[in-house]
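The values are calculated or read from the model by the stated rules, or taken from the named source; none is laboratory data. Remember, it's a predicted structure, so these values are computed and weren't measured experimentally. Please note: Cβ atoms are built from the backbone with ideal geometry, for glycine as well, and neighbour counts cover all protein chains shown.
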Amino acid sequence: EAGVTQFPSHSVIEKGQTVTLRCDPISGHDNLYWYRRVMGKEIKFLLHFVKESKQDESGMPNNRFLAERTGGTYSTLKVQPAELEDSGVYFCASSHNRVEQYFGPGTRLTVT
Amino acid sequence: GENVEQHPSTLSVQEGDSAVIKCTYSDSASNYFPWYKQELGKRPQLIIDIRSNVGEKKDQRIAVTLNKTAKHFSLHITETQPEDSAVYFCAASKTSSNTGKLIFGQGTTLQVKP
């Protein structure tokens, strides 16, 4: 069984630019989560999809972040316009039961 | 708000020694406690978890204990090996919630010296 995949693995952009991160969950997992780890701090929850619906987006920092999961399969997280403080590692995780969560390798975003 | 405190932030042990990482959670409604291991450049990997109806769980050289009254849980690694070197994260969640979002500790960097 393939694990959670994320693309790209690294992204370096300038402040003010736009970046889109992609996550492909484990096949059959309805639950998809986005998390972020900034500057070696704890991994923080951003939002949760059940199929194509946003179940909880309480962790989204501000309206520069937009997450979508059209069709209930893969998800994208767009940051527009990017700011310096958005730098960090963005993780995606998926789950079949909202309990055990399996993580992707992350996308390291650097905003210069 | 909900938070999880994890200690120590770094831990260095000799190969063969034991390592213990401790976490404390704030939300008494939390009932699921996973531990993740992240090796350099790799994904966080779920290595063991415990639910609130159990006090201890073992899997070969790793074990987790839970004290619901004190709201803390710990990871124990025995007979450490160099391949145990990684960053370990504890987390807590409420399975009764409609999301199951994980609240993570700050991470512990474990170094096992050969």
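Residue check: A:I26 meets all listed conditions (1) away from every other protein chain (no Cβ under 11 Å); (2) under 24 Å from B:N3 (Cβ atoms) but one, namely (2). Among B:L102, B:L75, which is out of contact with any His (no Cβ under 9 Å at 6 or more places or on another chain), crowded, with 18+ Cβ neighbours inside 10 Å and either away from every other protein chain (no Cβ under 14 Å) or modelled with pLDDT under 95 (or both)? The unique qualifying residue is B:L75. If I go through the stretch B:4-34 residue by residue, how many of them are closer than 18 Å to B:L102 by Cβ and within 12 Å of another protein chain (Cβ to nearest Cβ)? Number satisfying all stated conditions: 8. Here A:T76 meets each of (1) assigned to a strand (DSSP E or B); (2) out of contact with any Asp or Glu (no Cβ under 7 Å at 6 or more places or on another chain); (3) of a type in the set (S, T, N, Q) with one exception, condition (2). Restricting attention to the stretch A:57-72, the residues being exposed (fewer than 14 other Cβ atoms within 10 Å of the Cβ) and either assigned to a loop (DSSP other than H, G, I, E, B) or of a type in the set (D, E, K, R) (or both) number 3.
Do we find that B:D49 is among the charged types (D, E, K, R), surrounded by 13 or more Cβ atoms within 10 Å (Cβ to Cβ) and within 13 Å of chain A (Cβ to nearest Cβ) in this structure? Can you show your working first?
On the way: among the charged types (D, E, K, R): yes; surrounded by 13 or more Cβ atoms within 10 Å (Cβ to Cβ): yes; within 13 Å of chain A (Cβ to nearest Cβ): yes.
Judged against the criteria, B:D49 is a match.
When the stretch B:1-18 is filtered for residues that are among the charged types (D, E, K, R) and in a loop (DSSP other than H, G, I, E, B), the ones remaining, listed by number, are B:E2, B:E15, B:D17. When each of A:S75, A:S27, A:S95 is tested for being over 11 Å from the mean Cα position of the chain (by Cα), buried (at least 17 other Cβ atoms within 10 Å of the Cβ) and among the small types (G, A, S), the lone residue that passes is A:S95.
Among the residues of the stretch B:76-114, those that are in a strand (DSSP E or B) and within 29 Å of A:D56 (Cα to Cα) comprise B:V87, B:Y88, B:F89, B:C90, B:A91, B:A92, B:S93, B:I103, B:F104, B:T108. Within the stretch A:30-57, being facing chain B (nearest Cβ under 8 Å), more than 11 Å from the chain's Cα centre (by Cα) and within 15 Å of B:N98 (Cα to Cα) holds for A:N31, A:Q55, A:D56.
If you go through the stretch A:77-112 and keep only what is on the phi > 0 side of the Ramachandran plot and small (G, A, S), you end up with A:G88, A:G106. Of the residues in the stretch A:28-38, none is closer than 26 Å to B:P34 by Cα, basic (K, R) and without any contact (Cβ under 8 Å) to a residue 40 or more places away in the chain. Checked against (1) within 23 Å of B:Y32 (Cβ to Cβ); (2) out of contact with any Gly (no Cβ under 6 Å at 6 or more places or on another chain); (3) at pLDDT 95 or above; (4) not aromatic (F, W, Y), A:T76 passes all but condition (1).
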